[in-house]
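Worksheet for the structure shown next.
The values are calculated or read from the model by the stated rules, or taken from the named source; none is laboratory data. Quick caveat: nothing in here was measured; it's all calculated off a predicted structure. For neighbour counting, all protein chains shown are included, and Cβ atoms are generated from backbone atoms with ideal geometry for every residue, glycine included. When the accessible area is computed, the model is the full protein with side chains, heavy atoms only, and any ligands, DNA or RNA have been set aside. Shrake-Rupley method; radii C 1.70, N 1.55, O 1.52, S 1.80 Å.
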Protein chains: 2
Amino acid sequence: MKTWENNVRKVEPYTPGEQPKVNGIIKLNTNENPYPPAPGVREVLKNYNTDTLRKYPDPAISNLCEALAEKYKVNKEQVFVGVGSDDVIAMSFLAFFNSDEPVFFPDITYSFYDVWANLYKIPFEKKALGEDMHIKKEDYYGKNGGVIFPNPNAPTGLMEDLKDVEDIIKNNQDVVVIVDEAYVDFGGKSAVSFIEKYDNLLVVQTFSKSRSMAGMRIGYALGSTKLIKYLNDVKYSFNSYTLSNLAIDAGVAAVKDDEYFKNTCESIVKTREAAKERLKDLGFTFPDSMANFIFATHRSVSAKDIFEALKKKNIYVRYFDKPLIDNYLRITVGTPQEMESLYSALSEILG
Amino acid sequence: MKTWENNVRKVEPYTPGEQPKVNGIIKLNTNENPYPPAPGVREVLKNYNTDTLRKYPDPAISNLCEALAEKYKVNKEQVFVGVGSDDVIAMSFLAFFNSDEPVFFPDITYSFYDVWANLYKIPFEKKALGEDMHIKKEDYYGKNGGVIFPNPNAPTGLMEDLKDVEDIIKNNQDVVVIVDEAYVDFGGKSAVSFIEKYDNLLVVQTFSKSRSMAGMRIGYALGSTKLIKYLNDVKYSFNSYTLSNLAIDAGVAAVKDDEYFKNTCESIVKTREAAKERLKDLGFTFPDSMANFIFATHRSVSAKDIFEALKKKNIYVRYFDKPLIDNYLRITVGTPQEMESLYSALSEILG
């Protein structure tokens, strides 16, 4: 190792789900939406005046902040937009978690949280889920440097009651609390209404799941004007121009089409509920997901074996080779047709 | 101030140049390219299959890394891509500047460097430019935690000899040295050839200036495989998916059209050289810029007065209200027509 390498930040990066480049596979491994983005998004792209790309985009991302503010009935100063919710949360860790006390999050949760904490050398403490895989709210009441949890949680898919979410916020008013609602639009209930009451609450959402725009990279956060101002200060200290005007315009088109949004979310919920029946019949058990995926374990065949057998049949689901969850598969809810292919494949594998 | 605010990172963010939303102005304030992106970029957008946006993009940004590797005759493992060169440099500060010794950069330079250093609490030391506004290379030979400078420098526009650049690298082999070449394509000479010899050298470039794609947000870095691996580890610990597939495809189209790239760069160089004559005749002096802007001071009228008078005439140039440079204007090289309007306006103002 050379001397210059001593000053390099050594990290264990997050491993994203596979993005295979082959065609013809059924991709149920990264919680993508099986439906295309709202039709307005296509119009934005097709009619885009490419010449304007020579100019920098609007650093304040005003049009999209306004559209989101209108949707959530808040002021646009209460909206922060970033390059996917990962970017929003990465900035939030940097902006808000600067304490010597540990940040609290669940032990089974989005596996990026400890990666961000390690990146910035933020102390953290993982709190075990209950037997039922639910978050035990009292575990989050101790002295800490901040709290973050997804609701619904990933990869369990379980939704915590808004009353319990509020209890966690209420008991943590001296730190920033982040509720990561990447999966809230599939039947969950948002904590957004609490941002008026608790100025230390940040609610993070994304266009990657319910708005079918993972490829466009748009995430956002809602919070008090003060909290959002702090977050923007850090953003402007990192990269002034994060979203292209194209992404901003496409995002606005998606937000404006509430009907399409509701319809596709409803379709996914319907497919998910049907999937619960079918997977149960196939011998799986799982927490009662309110997200666009199901976190399932089989009564007799190991998750790893099923994962590999499915892959051979060109069906990709997500397998985490990690303690506590290494006998589970996270299966994204696809179209009804894709799910039928999954059930057939599973029948063959398990049969 | 509430208790939770104690743990917030307080920063003095970078102030980007104005992006006025009104039409009909002549915008010479943010070093944008006056010509549109390569025609292939328009084709990419027009023909884009919007449905694919539902999927995550390629986290490795492989196609664009390959296109850039081919252009610079390096391996694709020697290429890193980010959301504009600001994102690339922000990640690099985080990845590489983790020493107790100060990072060195010029006192008159890109004003984001000290913002990044402050964001991450990295110690730094600014080195004064010489009387002639050139970098004094010997100042960078002392014990430090890393070195960064632009070449050509901004906002002076001055190019340092590659021999001097190599001397700085040669004397700093125990730290990472970043050469920020945002403006190199307008007649400058790149340090890229040194990356094979010095594995601690990172050369950063951008699509925002010479490729007319500021609005698309693409920047990149070239370095040793080892250096790029470290940088990618930090990127994957921050945000796995930074560029949309649309941006990747558009970037590839731009890189492939070398003829268009050369022609537009040559046009800008020609306009810049003509501008030097005209500005001299109007009573300005300036360092001999090799970038797409001219950093000019007037013999009798203050920069601030000229800046404000030009703005009233709907011509925006950049004025920095900062010590050492507060009597200078940074004027982006526009089209010949835009420059004629500038000269007329200046004649009236100064006349």
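With its label point put 7 Å out from Cα toward Cβ, A:Thr225 sits 5.5 nm from the same residue's point in the other copies, in order from shortest.
In the protein assembly as shown, the DSSP-assigned H stretches of four residues or longer account for a calculated mean residue ellipticity at 222 nm of -10500 deg cm²/dmol, using -39500 (n - 2.57) per stretch and the full residue count as denominator. Using the Cβ atoms and a cut-off under 15 Å, what net charge is assigned to the surroundings of A:Ile218, where Lys and Arg are +1 and Asp and Glu are -1? Once positives and negatives cancel, what remains is 0. When only alpha carbons of chain B are considered, Rg and Dmax amount to 20.5, 59 Å. For the residue pairs A:Lys126/B:Lys121; A:Lys235/B:Lys256; B:Lys280/B:Lys313; A:Lys127/A:Lys322, alpha carbon separations beyond 25 Å are given by A:Lys126/B:Lys121; A:Lys235/B:Lys256. Note on the range A:197-351: Kirkwood radius taken over Cα pairs, Stokes-Einstein applied at 20 °C and 1.002 mPa s, translational D equal to 117 µm² s⁻¹. Among B:Ser240, B:Ser85, B:Ser224, the residue with the largest mean-square fluctuation in a Gaussian network model of chain B, with springs joining Cα atoms closer than 10 Å, is B:Ser240. Relative to the globular-protein estimate of 2.2 N^0.38 Å, the Cα radius of gyration of the range A:174-276 stands at 1.21.
The local environment of A:Ser302, defined by Cβ-Cβ distances under 12 Å, has a net charge of -2 under the rule Lys, Arg +1 and Asp, Glu -1. A cut-off under 12 angstrom between Cβ atoms defines the neighbours of B:Glu348, and their net charge, with Lys, Arg +1 and Asp, Glu -1, is +2.
Given springs between every Cα pair under 10 Å in a Gaussian network model of chain B, which of B:Ala128, B:Ala191, B:Ala275 has the largest fluctuation? Judging by the Gaussian network model, the answer is B:Ala128. Interface B/A, total buried accessible area with a 1.4 Å probe, nearest 100 Å²? Chain pair B/A: roughly 7400 Å² of buried accessible area. The mean number of partner chain beta-carbon atoms within 10 angstrom of a residue's beta-carbon across peptide A:240-251 is 6. Provide the FRET efficiency to the nearest 0.05 for the B:Asp139-B:Ala309 pair, computing r from the beta carbons and using R0 = 51 Å. For B:Asp139 and B:Ala309, the calculated efficiency is 0.85.
Note on chain A: dipole from Cβ charges, positive end direction compared against A:Phe96, A:Ile349, A:Thr264; the farthest Cα belongs to A:Ile349.
How many percent of all Cα-Cα pairs in the protein assembly as shown sit more than 46 Å apart? Roughly 21 percent, rounded to a whole number.
The range B:1-63 to the range A:56-127: how many Å between their Cα centroids? So the two Cα centres are separated by 19 Å. In a simple Cβ point-charge model (Lys, Arg +1; Asp, Glu -1; nothing else charged), the protein assembly as shown has a dipole of about 720 debye relative to its Cα centre. Comparing B:Asn98, B:Asn118, B:Asn23 in a Gaussian network model of chain B (Cα springs below 10 Å), the most mobile by mean-square fluctuation is B:Asn23. With the label put 7 angstrom out from Cα along the Cα-to-Cβ vector, B:Lys322 ends up 4.2 nm from the copy partners, going from closest to farthest. Cα centroids of the range B:284-351 and the range A:205-276: 40 Å apart. Pairs spanning more than 28 Å between alpha-carbon atoms, out of A:Lys136/A:Lys276; A:Lys71/A:Lys229; B:Lys137/B:Lys311; A:Lys137/A:Lys197: B:Lys137/B:Lys311.
Protein heavy-atom accessible surface, 1.4 Å probe, per residue over the range A:261-339: 47 Å².
Mind running the shape call on the range A:164-223? Use the C-alpha gyration tensor, a ≥ b ≥ c as the square roots of the eigenvalues: rounded below 1.5 for a/c, prolate if a/b tops b/c, oblate otherwise. Cα axes put the range A:164-223 in the prolate bin.
Across the accessible surface of chain A, with the other protein chains kept in place and a 1.4 Å probe, carbon and sulfur atoms take up 47 percent. The residues of the range B:1-133 expose on average 40 square angstrom of accessible surface per residue, using a 1.4 Å probe on protein heavy atoms. Counts of other chain beta carbons within 10 angstrom of each beta carbon in peptide A:90-99 average 4.
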